[in-house]
Amino acid sequence: MLDNLIYCLNATVPIFLMMLLGMLFRRMGFFDQAFADKLNSYVFKIGLPVMLFKDLVDSDFFSVWDAPFVLYCFLATLLSILLTAAVSLFWKDRSLRGEFVQVGYRSSIALLGAAFLENLYGNAGAASLVIIGAVPLYNVAAVLVLSLSSPQQSGVNRAALKKACKGIVTNPIILGIVVGLVWTLLRIPEPLIMEKTVNSISATATPLGLMALGASFDLKKALGRWKPAVAATAVKLVVLAAVFLPAAVAMGARDDKLVAALAMLASPTTVSSFVMARSMGHEGTLTSSTVMLTTLFSIFTLTLWLYILRTMGLI
């Protein structure tokens with residue numbers, strides 16, 4: 001029992017300590033919001049794509065690819081959206097519903113999911129499968145639900161939907177995965193100079209991304225819309241995993257794939273949700289509150305989920 005707890009703490013505590021360092025550096029004046037935004041941009045456009053490329057090139061494509069698991073990620077995400085939309089109907093304020101749905105299903109799988117997999121298995125290849133199965137749906141669904149519930153418009157914002165679809169095709173993380181898959185399929189040799197450069201850039205993704213996330217944390221914002229934010233946090237960190245994780249276990253997902261599924265279902269709401277909500281005419285307070293609360297409480301819930309899976313012998 002104690003060994004299992006130590007195993008789980010070794011997976012989660014280093015991640016949140018990096019976030020805590022980001023908060024500390026912000027307080028000490030080393031970071032400000034502008035610098036944190038620059039770091040986030042670097043990690044999204046360079047660090048994570050290179051890391052996922054590296055993990056795919058270092059592994060055998062045919063041992064990594066799992067079509068049923070990718071389909072599971074897509075269906076679990078779709079059903080998560082529908083379930084969260086059903087829960088959102090309890091809020092009388094219609095303008096809150098779109099934000100509630102987005103923060104309820106949208107995970108930071110690319111950053112925190114990859115960080116967990118790197119910590120536990122030294123490779124984030126399984127995160128690529130989740131990104132392929134879930135991230136395109138994340139973006140399209142966000143535009144739809146935020147458009148339909150926006151107080152400033154009626155109907156779907158076609159321009160935003162078109163922009164979201166274009167964003168999927170040009171998403172640096174997805175492009176990094178595609179290039180990595182093509183590279184491994186064609187068995188293109190990787191020169192030593194390139195390999196060392198890729199390894200160095202890859203090593204920066206997780207620590208810089210986590211510190212940038214910590215530097216952006218503002219606890220005061222977490223009190224903005226506390227009732228719906230607490231409800232969305234419970235859905236994001238507990239309910240979705242409790243409902244859909246057993247299906248992953250039943251279909252045989254174990255170890256890194258099961259941890260990747262857990263990260264998809266129960267990791268904190270991604271910071272990009274706030275940018276999306278604001279750009280679609282929403283207030284954004286519920287979104288920022290939920291991002292803060294899910295980030296804070298995931299320290300405990302993710303450790304607990306990992307402990308349950310470890311105790312059951314699934315990871």
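Rule-based calculations on the coordinates, nothing more; no lab input. Note that this is a predicted model, so its numbers are computed, not measured. Don't worry about glycine lacking a Cβ; one is built from the backbone with ideal geometry, like all the others, and counts go over all protein chains shown.
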Distant-in-sequence amide H partners of Thr269 (H built 1.01 Å from N, under 5 Å): Thr294, Thr295
Charge sum, other residues only, whose C-beta stays under 13 Å from Val145's C-beta, Lys/Arg counted +1 and Asp/Glu -1: +2
Under the Karplus curve 6.51 cos²θ - 1.76 cosθ + 1.60, θ = phi - 60°, whole-Hz ³J(HN,Hα) for segment 251-257, x wherever Gly or Pro sits: 8, x, 5, 9, 6, 5, 5
Set Lys236/Lys257; Lys166/Lys236; Lys45/Lys166; Lys38/Lys257; Lys54/Lys196 screened for pairs whose C-alpha atoms are more than 21 Å apart: Lys166/Lys236; Lys38/Lys257
Charge-dipole axis of the chain as Lys and Arg at +1 and Asp and Glu at -1 on Cβ define it, positive-most pick from Ile6, Phe16, Gly122: Phe16
Label-point gap, in nm, between Trp183 and Val243 - each point 7 angstrom along Cα→Cβ: 3.8 nm
Full-stretch length increase - Arg27, Met251 - with 0.36 nm per residue and alpha-carbon distance subtracted: 76.0 nm
Alpha carbon convex hull of segment 2-311, volume per residue in cubic angstrom: 131 Å³
Where labels lie 7 Å past Cα in the beta-carbon direction, separation of Leu78 and Asp93 in nm: 3.3 nm
Degrees, to the nearest 10: 67-88 long Cα axis against longest axis of the chain: 20 degrees
Local net charge near Leu83, Cβ-Cβ under 15 Å (Lys/Arg +1, Asp/Glu -1): +3
